[in-house]
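Remarks on the structure that follows.
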Amino acid sequence: MGAATLLEIHDVRRTFPKPGGDQLLVLDGVDLSLREGEIVGLLGRSGSGKSTLLRLIAGLAKPQGGTLTYLGRAIDGPAGGVAMVFQSFALFPWLTVLENVEIGLEALHLPEKEIRTRALAAIDLIGLDGYESAYPRELSGGMRQRVGFARALVVHPNILLMDEPFSALDVLTAENLRTDFIDLWLDKKLPIKGVLLVTHNIEEAVQMCDRVLLFSTNPGRVVTEIKIDTPRPRERTDPAFEDYVDRIYVEMTARRVERVPRQAPTAGVNLYAPLTHVSSSLIAGLIEAVAAAPYNGKADLPDIASDLQLEIDELFPVAEALQLLRLGDVEGGDIKLTHMGKRFADADNNERKEIFSRALMSYVPLAGHIRRVLDERTNHAAPRRRFIDELEDHMTEEASQETLRAVVSWARFAELFSYDKESETFSLENPT
Amino acid sequence: MRILPPVSVEARRLLPSVWDLLAAVLVLGFIVLFASASQAVIQPLASLTQQPISLDPSALPGYALRTGLRMLVALGFSLIFTFTYATWAAKSRRAGTLLVPLLDILQSIPILGFLSVTLVFFLSLAPGRILGAEFAAIFLIFTSQAWNMAFSFYQSLRTVPTELSEAGRVFGLNGWARFWRIEVPFGMPQLIWNMMMSMSGAWFMLVVSEAFTVGNTSITLPGIGSYIAAAIAARSLRAIMWAILAMLVVILIFDQLLFRPLVAWADRFRIDADTNDNDEAAESWALKMFRRSKLMDAIGLPFDALMHWTYRLTPPEQGSSATRPSLVPPWFANAVWYACLSLLVAYVLWRVANFAAIPLGSGEILDVFLRGFATLARVIVLIALASLIWTPIGIHVGLRPHLTKIVQPVAQFLAAFPANLLFPIAVSLIAMWRLNSNIWLSPLMVLGTQWYILFNVIAGASALPHELRDASDNFQIKGWLWWRKVALPAVFPFYVTGAITASGGSWNAAIVAEIVEWGHTTLRAYGLGSYIQDATTAGDFRKIVLGIAVMSFFVVVVNRLFWRPLYWYAERKFRLG
């Protein structure tokens, strides 16, 4: 591909200071490039730092290390020629549609007449005719995001940055807006040279992008690149499309879920492994779905995700929890229930609590640890600080809080111990 | 595997914790302080004149205690008033039509107006005892606290989400239980914020409510307010400094022991809050103490039980108890209600005219109106100036969280700062440069109230969503364009709320800002505030009534014609989300 390079990112690092004084590493060693005529997708779970990367490219924040160059010049501050479309639209509620579109041009100090003609042209292009004098609050979500697109396109940027622009919309509206955008792009009607799309929706990435970059979490970095070569417009039912989706699923589960250990840990090991909070009803729900027909205990992750209408963001943590508790097993883009998982699916509520409680005691060392501490104490109670301090020696403040939250919620379901939020104490007492 | 053997309760209760100890000390201390203070108030009234206010700083802790207790008692009455008056206004559409505007008017009446007409009544409650004067002082503090609390609770009651009250109905909670378990918790966060504002208002009027003269009756109750009054009379800057220090300490104590725990506690009632465990919610050591201490549990338990018992007093409302058929058709009841109201209004107008307007004559009335316009001009100019100064500063601060953390509490303290404390500075400056007191006394009017503009603008700027800030950066909206299209519109609804509070408060502050004393020097400005103040000192009831009526008229008219339309415009056009 001989096209000119619009954007070049090399070895970018970004940390955030934590209240405790540590630094949270959000991006580490990120490399990517965007060439003219490309739509590149950044695919990863939320919290993987994709949006942070986008803010760095837009010049809204600065990296701690590495280089970002736009058309050969280093990025230091918001640059002309890079426009952004936001997840929650970010329209100014007190400005009309027309004023919202015009504001970017006003900042460029263009003559009034040119501002008006260009704004009207953008509104026309994006299908907002007749809405010029409406206020954003009068519009549906889809129409609002169209304003967001018009506002970004009207400044004729070289690069369009899109931060999950369809994720706040319902499925139908999102699909409609996506196809409209792709049509305009293919017809070369859009005054832009390249697009960087952040998303956590695998199908969206396959549908829109020329290249998809998979993003890992903690810290965020690009782990794989997948080229999507099928011609557009792409149909979801096309086998080639489904192959791409499957491939991405396999890649992502290989990197995420399958890392969760499968062997029983020896005592003391993994006590301080960070956990992600997943509600017990989601866990039970996934087990039931996989156990039921047509899956009967083994399911393809993309299939079950679309069946349950879960985004990978929502599905992966649940699958991980299943794996962790040995209720399920994830491999090669499939999820399979273990023996215990199948028993859980058939059990009534009391038996489920029992199975869950045993799984917690065996495979989540922290839960067993808390239970033992409570058993040993004469008053069978312990303050939260006792455990949070212990965890914070081994992980960030945020991770310890999340870990404890997960354990509390699971232990509540299993009736392993209880936790009173107001006095911040763990105890073996149940309200009677 | 049956989990969780119930743990022996006694084993937990045996060991008192540090928190228990701390709580016990606080409770005991409070009881002792209360007892010694109540001993003082049954002394004969004459003992007040035998023991004039001492400017010795060692007397200040005692004075601070009396002042603090008065404020607490008044706050208690304000709460009772809020729960009854606001509830009545919200529950009965018919009563609401009268009670809500009435609250508007009550809020517009300056504190001296309440003083002059009620003093005799309160003194007669406990003849010859200090208690009567204490009643009067507490009532005055109450009048500077109650109205905005009632307003806030009324508004909360009107906006209880329907599904919450419907849930209450479905589960058969009766009206009493619904009130305490749904409506009060829902209104609590807002109410607590208004209680804090009320406290500031009470501090601002403190001197007036503790040391007052109506005609021949002069009363000086021991307290920080009287101490300030005495310091002013004696021209003692040192004593003024001590008073400021004492005030600061009392405000801090209230903050730590009362408001901060309340705010942290009320956090759970915030309906918009997400249920995150690791929140950065308000923290309070005092609340922690109350929660961890078994003593507090023991004290709270009987009250809890009592409340639960009251819920069961009336049978649960089951089935369709939506509307009981009334004896008379609604149009008839309405007609009777409005007829009664009209008669009442006509009668009151006639009495007022007979009492004040006719004997005083049209010349006097015209003069009072002119004074009203003079004060109005001051309020307008000063609110405009305060807006010009504090809006940009508030936006600047609100966009920077670390600055907000510093500025908010400072502004809160300044809002509580009684204007009287600045009298020495005002008098010396005006005397030094021979300034016109008609102009240069005016800044005292917005001294306490301008901070409401600052508070609200800061709140507005910090509520600006991050994505909007990113969008304006991304599209390089800078300079004047940024102020015009982004910052000012974003804070506008917040600004209007602040400006309404500030403007109303400034009218009330006119009575302390238009007559300024320092020792024997008295400066006065032509206006409605000085008119009411003079009339009160002279005990001329006709003039007091006329002055109050005109002031209320001005405040209500300005609110209805200017602020209310502006408020709704701002809500419609500029409110986010």
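The values are calculated or read from the model by the stated rules, or taken from the named source; none is laboratory data. On a predicted model such as this, the values are computed, not experimentally measured, just so you know. Methodologically, a virtual Cβ is constructed for each residue, glycine included, from the backbone with ideal geometry; neighbour enumeration extends over all protein chains shown.
B:Val491 versus (1) modelled with pLDDT under 90; (2) buried (at least 24 other Cβ atoms within 10 Å of the Cβ): which is the lone unmet condition?
(1)
Is there a residue in the stretch B:531-538 that is among the polar types (S, T, N, Q), in contact with a strand residue (DSSP E or B) (Cβ under 7 Å, 6 or more places away or on another chain) and surrounded by fewer than 19 Cβ atoms within 10 Å (Cβ to Cβ)?
Taking every residue of the stretch B:531-538 in turn, at least one turns out to be among the polar types (S, T, N, Q), in contact with a strand residue (DSSP E or B) (Cβ under 7 Å, 6 or more places away or on another chain) and surrounded by fewer than 19 Cβ atoms within 10 Å (Cβ to Cβ).
Any chance the stretch B:220-241 includes a residue that's among the hydroxyl-bearing types (Ser, Thr, Tyr), within 23 Å of B:Ile511 (Cβ to Cβ) and in contact with an Asp or Glu (Cβ under 6 Å, 6 or more places away or on another chain)?
Yes, that holds for at least one residue.
Just checking, does the stretch A:279-292 include any residue being part of a helix (DSSP H, G or I), among the acidic types (Asp, Glu) and crowded, with 18+ Cβ neighbours inside 10 Å?
Checked the stretch A:279-292: no residue is part of a helix (DSSP H, G or I), among the acidic types (Asp, Glu) and crowded, with 18+ Cβ neighbours inside 10 Å.
Among residues belonging to the stretch B:439-475 that are surrounded by fewer than 19 Cβ atoms within 10 Å (Cβ to Cβ) and more than 30 Å from A:Leu153 (Cα to Cα), point out the one that is farthest from the other protein chains (Cβ to nearest Cβ).
For the stretch B:439-475, the residue satisfying everything is B:Trp440.
Could you please give the count of residues in the stretch A:349-396 that are out of contact with any helix residue (DSSP H, G or I) (no Cβ under 9 Å at 6 or more places or on another chain), closer than 22 Å to A:Glu288 by Cα and more than 12 Å from chain B (Cβ to nearest Cβ)?
Result for the stretch A:349-396: 1.
Please go through the stretch A:184-221 and give me each residue that is basic (Lys, Arg) and part of a strand (DSSP E or B), ordered by number.
Listed by number, the list holds a single entry, A:Arg211.
Out of everything in the stretch B:83-122 that is among the hydrophobic types (A, V, I, L, M, F, W, C) and surrounded by 21 or more Cβ atoms within 10 Å (Cβ to Cβ), what residue ends up being modelled with the lowest pLDDT?
B:Leu112
Just to check your reading of the model, which residue among B:Ala133, B:Ala137 is buried (at least 22 other Cβ atoms within 10 Å of the Cβ), modelled with pLDDT of 90 or more, over 30 Å from B:Phe186 (Cα atoms) and in the same structural domain as B:Gly76 (by TED's automatic domain parsing)?
B:Ala137
Which count do you get for residues in the stretch B:259-299 that are part of a loop (DSSP other than H, G, I, E, B), of a type in the set (Val, Ile, Thr) and at pLDDT 65 or above?
Total satisfying the criteria: 1.
Checking the conditions here, which among B:Leu262, B:Leu248 is hydrophobic (A, V, I, L, M, F, W, C), more than 30 Å from B:Leu123 (Cβ to Cβ), buried (at least 16 other Cβ atoms within 10 Å of the Cβ) and over 15 Å from the mean Cα position of the chain (by Cα)?
Being hydrophobic (A, V, I, L, M, F, W, C), more than 30 Å from B:Leu123 (Cβ to Cβ), buried (at least 16 other Cβ atoms within 10 Å of the Cβ) and over 15 Å from the mean Cα position of the chain (by Cα) holds for just one of B:Leu262, B:Leu248, which is B:Leu262.
Could you list, in sequence order, all residues of the stretch A:58-78 that are within 14 Å of another protein chain (Cβ to nearest Cβ) and in contact (Cβ under 8 Å) with a residue 24 or more places away in the chain?
A:Ala58, A:Ala61, A:Tyr70
Could you list all residues from the stretch A:209-249 that are within 20 Å of A:Gln309 (Cβ to Cβ) and of a type outside the set (D, E, K, R)?
A:Thr237, A:Phe241, A:Val245, A:Ile248, A:Tyr249, listed by residue number.
If A:Lys342 satisfies every condition in (1) under 29 Å from the mean Cα position of the chain (by Cα); (2) within 30 Å of A:Pro294 (Cβ to Cβ); (3) away from every other protein chain (no Cβ under 12 Å); (4) assigned to a helix (DSSP H, G or I) but one, which is the exception?
Single failed check for A:Lys342: (1).
Could you give me the residue pairs with C-beta distances under 8 Å whose first residue belongs to the stretch A:213-233 and is of a type in the set (Asp, Glu), whose second residue is surrounded by 13 or more Cβ atoms within 10 Å (Cβ to Cβ) wherever it lies, and which are 6+ apart or on separate chains?
Final answer for the pair search is A:Glu225/A:Arg211; A:Glu225/A:Val212; A:Glu225/A:Leu213; A:Glu225/A:Leu214.
For the stretch A:57-97, which positions are assigned to a loop (DSSP other than H, G, I, E, B), within 19 Å of A:Arg13 (Cα to Cα) and β-branched (Val, Ile, Thr)?
The answer is A:Ile75, and nothing else.
Within the stretch A:12-47, restricting attention to residues that are modelled with pLDDT of 90 or more and part of a loop (DSSP other than H, G, I, E, B), which residue is nearest to A:Glu203 (Cα to Cα)?
Looking at the filtered set, the residue picked out is A:Glu38.
Kindly state which helices (runs of 4 or more DSSP H) lie completely within the stretch B:140-199 and contain at least 3 residues that are within 19 Å of B:Thr314 (Cβ to Cβ).
B:162-170, B:175-178
With respect to B:Leu206, is the statement that it is crowded, with 23+ Cβ neighbours inside 10 Å, within 26 Å of B:Ala502 (Cα to Cα) and not assigned by TED's automatic domain parsing to the domain that holds B:Ala502 true?
The answer is yes for B:Leu206.
Of the residues that make up the stretch A:344-354, is at least one over 30 Å from A:Asp243 (Cα atoms), in contact with a strand residue (DSSP E or B) (Cβ under 9 Å, 6 or more places away or on another chain) and either of a type outside the set (Asp, Glu) or surrounded by fewer than 20 Cβ atoms within 10 Å (Cβ to Cβ) (or both)?
yes
Name every residue in the stretch A:81-100 that is more than 7 Å from chain B (Cβ to nearest Cβ), surrounded by 15 or more Cβ atoms within 10 Å (Cβ to Cβ) and over 25 Å from B:Glu571 (Cβ atoms), in order of residue number.
Hits for the stretch A:81-100 are A:Val82, A:Val85, A:Gln87.
Please name all residue pairs, on different chains or six or more residues apart, with Cβ atoms under 6 Å, provided the first residue is in the stretch A:408-428 and is within 8 Å of another protein chain (Cβ to nearest Cβ) and the second residue is among the charged types (D, E, K, R).
The qualifying pairs are A:Ala414/A:Lys353; A:Glu415/A:Lys353; A:Leu416/A:Arg371; A:Phe417/A:Arg371; A:Glu422/B:Arg291; A:Ser423/B:Arg291; A:Ser423/B:Arg292.
In the set A:Pro157, A:Pro136, which member is in contact with a Lys or Arg (Cβ under 8 Å, 6 or more places away or on another chain), within 14 Å of another protein chain (Cβ to nearest Cβ) and over 21 Å from A:His200 (Cα atoms)?
Just a single option satisfies the conditions, and that option is A:Pro136.
Tally time: how many residues in the stretch B:530-572 are without any contact (Cβ under 8 Å) to a residue 60 or more places away in the chain and within 14 Å of chain A (Cβ to nearest Cβ)?
Total satisfying the criteria: 2.
Looking at B:Thr310, B:Thr323, can you tell me which residue is of a type in the set (Ser, Thr, Tyr) and either assigned by TED's automatic domain parsing to the domain that holds B:Arg93 or at pLDDT 75 or above (or both)?
The unique qualifying residue is B:Thr310.
So which residues in the stretch A:328-339 are crowded, with 23+ Cβ neighbours inside 10 Å and not in a strand (DSSP E or B), if there are any at all?
none
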